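To start, the structure itself, in structure tokens.
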Amino acid sequence: MSRVVVATAFGGPEVLSVADEPVPEPGPGEARIEVRAVGVNPVDWKVYSGAMGADPSRLPIRLGSEAAGVVTAAGPHAVGPAGPVAAGDEVIAFRASGAYAAELVAPAQALVPKPTALDWAQASGLLLTGATAWHALAATGVQAGDTVLIHAAAGGVGLMAVQLAAARGAVVVATASPARHGFLRELGAVPVAYGDGLEDRVRDAAPGGIDAALDLIGTDEAIDVSLALVADRARIATIAAFARGQQEGIRVLGGAPGADPGTEIRDAARLELARLAQDRALRVFVTRTYPLADVAKAHREIMSVHTTGKIALIP
Ligand SMILES: NC(=O)c1ccc[n+]([C@@H]2O[C@H](COP(=O)([O-])OP(=O)(O)OC[C@H]3O[C@@H](n4cnc5c(N)ncnc54)[C@H](OP(=O)(O)O)[C@@H]3O)[C@@H](O)[C@H]2O)c1
């Protein structure tokens, strides 16, 4: 049996509980993992909030899609993107459905060797945000010499996008609340406060203009300012303003209907992200960990939309 988090109804974090569920033997192409840390992402609360539909036949819902842990058993033909998977391997699982668990069976194709440079909590937070940021930079063609505006730069996806854009040789103008500005400067970005007057502040911060923009928050402000400053709409991407993004003809990325899921590019990014983390060229900032049983507290925190970097659950 494994402790797993389930949403037993649609609603707020009060609908979450920890239950015991049997763990199946891994089948062909699968592996069983003893989970050491689980990455928490905003979509994890959106799935039971009702905002993405409230069909009662989907209850109870297992949560989560990324975790890090140790392989305890591998089924036949368990081969991941980096090669065969065997008991004892330290791995990151992404996308692994139902990852909020103490033990998990996942497709071997979802398993990437854990960089030794990351601890368990950091490893659990590398791939969802990293692959999303990678996709957003690729979709907008960010390259050396560009100046890129990143909205919500201190969030989970934002800190990945800032580091990856800087590593490509781009100048990064990063929106965040003033308390995060010192930290963003340390990462090489030019920080700017979001809120009234954002467009003028970005113009002052980037007198040579903005070549591309990533909206990682979904506010009208982020879209309006991006449209005002970037000449080519194909170089503006949103991962959160799905309806508005489609209306405006900018790049809309992710799992929503009509969006570009970027499955191939995101899957391929996983080994690159692990390599960069191993080389200490990409850091994962985990600001808080919670025991699995405190999942509701973790979700209240991520729902505030003001966390910096990542939160992890420890089974
Ligand atoms: N489409 C996809 O494939 C995909 C993938 C991953 C995530 N997402 C979505 O993308 C969004 C970001 O994900 P995440 O994991 O990065 O979330 P997150 O870590 O919760 O983002 C929090 C950040 O948002 C910033 N923020 C809050 N209000 C803001 C505003 N009005 N303007 C600018 N920044 C603001 C906060 O900055 P301060 O603390 O400084 O205020 C904080 O750093 C979520 O909606 C998530 O569901 C989509």
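The values are calculated or read from the model by the stated rules, or taken from the named source; none is laboratory data. None of the values given here were measured: they were computed from a predicted structure. Counting neighbours? That spans all protein chains shown, and the Cβs are built from the backbone with ideal geometry, glycine included. Side chains are part of the model used for accessible areas, which takes the heavy atoms of the whole protein and leaves out ligands, DNA and RNA. Shrake-Rupley method; radii C 1.70, N 1.55, O 1.52, S 1.80 Å.
Couple of notes before you dig in:
- Projecting the Cα positions of THR238, GLY208, LEU164 onto the charge dipole of region 163-279 (unit charges on Cβ atoms of Lys, Arg, Asp and Glu, taken about the Cα centre) puts LEU164 furthest along the positive direction.
- Charged-residue dipole, Cβ positions (Lys, Arg, Asp, Glu), the chain about Cα centre, Debye nearest 20: 340
- Projecting the Cα atoms of GLY195, GLY258, HIS181 onto the charge dipole of region 180-315 (Cβ charges, centred on the Cα centre) puts HIS181 farthest toward the positive pole.
- Proximal charge balance of GLY249 [Cβ under 15 Å; K/R count +1, D/E count -1]: -1
- Extension gain, MET1 to VAL79, is 25.6 nm, computed as 0.36 nm per intervening residue step minus the present C-alpha separation.
- When +1 charges are put on Lys and Arg Cβ atoms and -1 charges on Asp and Glu Cβ atoms, the dipole computed for region 191-304 relative to its Cα centre reaches about 520 debye.
- A simple count of charges around GLN143, restricted to other residues whose Cβ falls under 13 Å of its Cβ and scoring Lys, Arg +1 and Asp, Glu -1, yields 0.
- Segment ALA268-ALA51, length gained on full extension (0.36 nm per residue, minus Cα span): 75.1 nm
- Cα centroid separation - region 184-206 against region 224-271, whole Å: 21
- For region 100-198: rounded, prolate or oblate by the Cα gyration tensor [a/c cutoff 1.5]: prolate
- Overall, the accessible surface of the chain at a probe of 1.4 angstrom is composed of carbon and sulfur to the extent of 53 percent.
- In region 45-120, taking the dipole from charged Cβ atoms about the Cα centre, the farthest positive-side position among ALA54, ALA87, ALA101 is held by ALA54.
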